[in-house]
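The values are calculated or read from the model by the stated rules, or taken from the named source; none is laboratory data. Quick caveat: nothing in here was measured; it's all calculated off a predicted structure. No Cβ is skipped: glycine too gets one built from the backbone with ideal geometry, and neighbour counts run over all protein chains shown. Please note that ligands, DNA and RNA were not included when accessible areas were found on the heavy atoms of the full protein model with its side chains. Shrake-Rupley method; radii C 1.70, N 1.55, O 1.52, S 1.80 Å.
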Amino acid sequence: MKDPENELSKRYTIASADFSHAGQVSTQIKELLQEIGITSVIIRRAAIATYEAEMNVVMYAKKAEVLLSVSPDKINIRIKDKGQGIANIEMAMKEGFSTATHEMREMGFGAGMGLPNIKKNADKFTISSNPGEGTTVSIMFYLTQKEN
Amino acid sequence: MKLRDIKKLLEAEVIWGEEHLDEEIIFAGGSDLMSDVLAFSKPGILLLTGLSNVQSVRTANIIEAKGIIYVRGKRPDTDGIKMARTLGIPILSTKFMMYKSCGILHGSGLPGVNDIEKTE
């Protein structure tokens, strides 16, 4: 996992449309960040953001590659899928806007808070998407701020 | 108040985590929407929810909840109980509805998420 430049990177795959398994990758990332001594404040934000992104993949894309990169000054989590894509990112970023199915709502998700939650927890958030091709979300957390 | 006191107030049964009943609970929140929970909770929350699937336990872990009270007599399935046990999250069930459960706890002096100072 570690490379000579004191950075850590690890790949994960979200590969199931089964709600019961959703959240495994974000839990693994949370545990890894705890192992390497990241502060609890940042772990919580990273876990929430990754969990929301993971749920979006399970609900809409079914499969995605996740790349976790940790360097001395930041954590970056990139989630890249080849799902249906997002037709209107601006709308998707609005709280309450949702394209969720009845099944998703029964699972407790699909309230239209996922992408806004990710952005709120990240220090830097970028999203790009092409309908029919997929979506890439990058979530960055700076490690140079002191824990409150 | 202790989780034991909450169990008594809500006439709840312990599904898992009897050994956690002396845990001190500082505040609580109730929702069936996990995205709202992710957006509005704070670490240490006692989560009240009627959503009894495994994602309720996963969400509780992500938000660092102290425990889960399932309302409306709900109970998680075997996978949910196993996950709660693995993660060390006590889970209880009350037959009371969400409104009544939250009202009982708030009326007994347990603050909500917005009633407390930021804990971090």
So what's the convex hull volume per residue for the Cα atoms of chain B, in Å³? 87
Need the full-extension length gain, A:THR99 to A:LYS120, defined as separation in residues times 0.36 nm minus the C-alpha distance. One decimal, nm. 5.5 nm
Highest-fluctuation residue, B:SER41, B:SER52, B:SER31 considered, GNM on chain B with Cα pairs under 10 Å: B:SER31
Taking the full set of protein chains and a 1.4 angstrom probe, give the accessible area of A:ASP73 in square angstrom, rounded to the nearest 10. 70
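If R₀ is 30 angstrom, what is the calculated FRET efficiency for the pair A:SER128 and B:ASP36, using the beta carbon separation as r and rounding to 0.05? The partial results should precede the final answer.
Numbers: r = 27 Å, r/R0 = 0.90.
The pair A:SER128/B:ASP36 has a calculated efficiency of 0.65.
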Out of A:GLU103, A:GLU54, A:GLU31, any idea which swings most in a Gaussian network model of chain A, alpha carbons joined below 10 Å? A:GLU103
Quick check on chain A: helices-only [θ] at 222 nm, where DSSP H runs of length 4 and up contribute -39,500 (n - 2.57) each and the sum goes over total residues. Nearest 500, please. -9000 deg cm²/dmol
Using a 7 Å offset from Cα along Cα-Cβ at B:THR86, what residues in the stretch A:23-60 end up with backbone N under 12 Å from the label point? A:23-25, A:27-28
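Quick one: with all protein chains in place, what share of the accessible area of chain B is carbon or sulfur, to the nearest percent (1.4 Å probe)?
52
Within chain A, which DSSP H helices have Cα atoms that stretch 18 Å or more along the helix axis and a mean Kyte-Doolittle hydropathy of at least -1.0?
Numbers: long enough: A:40-56 (24 Å, 0.26).
Qualifying helices, which must be both long enough and hydrophobic enough, are A:40-56.
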Below 8 Å between Cα atoms, with a sequence gap of 6+, how large is the relative contact order for chain B in percent? 31
Checking the table B:LYS2/B:LYS42; B:LYS2/B:LYS66; A:LYS63/B:LYS42; A:LYS10/A:LYS80; B:LYS8/B:LYS82; B:LYS8/B:LYS100 against a 21 Å threshold on Cα-Cα, which pairs fail? A:LYS63/B:LYS42; B:LYS8/B:LYS82
Report the Cα-based extents of the stretch A:1-74 along its three principal axes, largest first, to the nearest Å. 36, 25, 16
Taking alpha-carbon centroids only, the stretch A:86-127 lies from the stretch B:49-104 a number of Å equal to 24
Quick calc: nm separation of the 7 Å Cα→Cβ label points for A:ILE89 and A:LYS63 -> 2.4
Would you mind computing, in nm to one decimal, how far apart the modelled labels at A:GLN24 and A:LEU8 are, each placed 7 Å from Cα along Cα→Cβ? 2.1
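Among A:34-43, A:105-114, B:80-89, how do they line up from the highest to the lowest mean number of other beta-carbon atoms within 10 Å?
So the order, starting with the most tightly packed, is A:105-114, B:80-89, A:34-43.
What is the projected area of the convex hull of the Cα atoms of the stretch A:28-148, averaged over all directions, in nm²? Don't jump to the answer; show the numbers that get you there.
On the way: hull surface 29.8 nm².
Seen from a random direction, the Cα hull of the stretch A:28-148 projects 7.4 nm² on average.
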Need one number: nm distance between label points at B:LYS100 and A:SER16, each 7 Å from Cα along Cα→Cβ, rounded to one decimal. 3.6
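As a test of reading the structure, rank B:HIS106, B:HIS20 by solvent-accessible area (1.4 Å probe, protein chains only), most first. Each step should come with its number before you reach the end.
Working: B:HIS106 105, B:HIS20 45 Å².
The ranking, largest first, comes out as B:HIS106, B:HIS20.
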What ranking of B:ARG4, A:ARG11, B:ARG72 comes out by heavy-atom accessible area, probe 1.4 Å, highest first? A:ARG11, B:ARG4, B:ARG72
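Can you give the % of DSSP beta bridges in the protein assembly as shown that are antiparallel, to the nearest 5? Kindly include the intermediate steps, with their values, before the conclusion.
On the way: 35 of 46 bridges.
About 75 percent, rounded to the nearest 5.
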Modelled label reach - A:GLU35, point 7 Å along Cα→Cβ, the stretch B:37-78 residues with backbone N closer than 19 Å: B:62
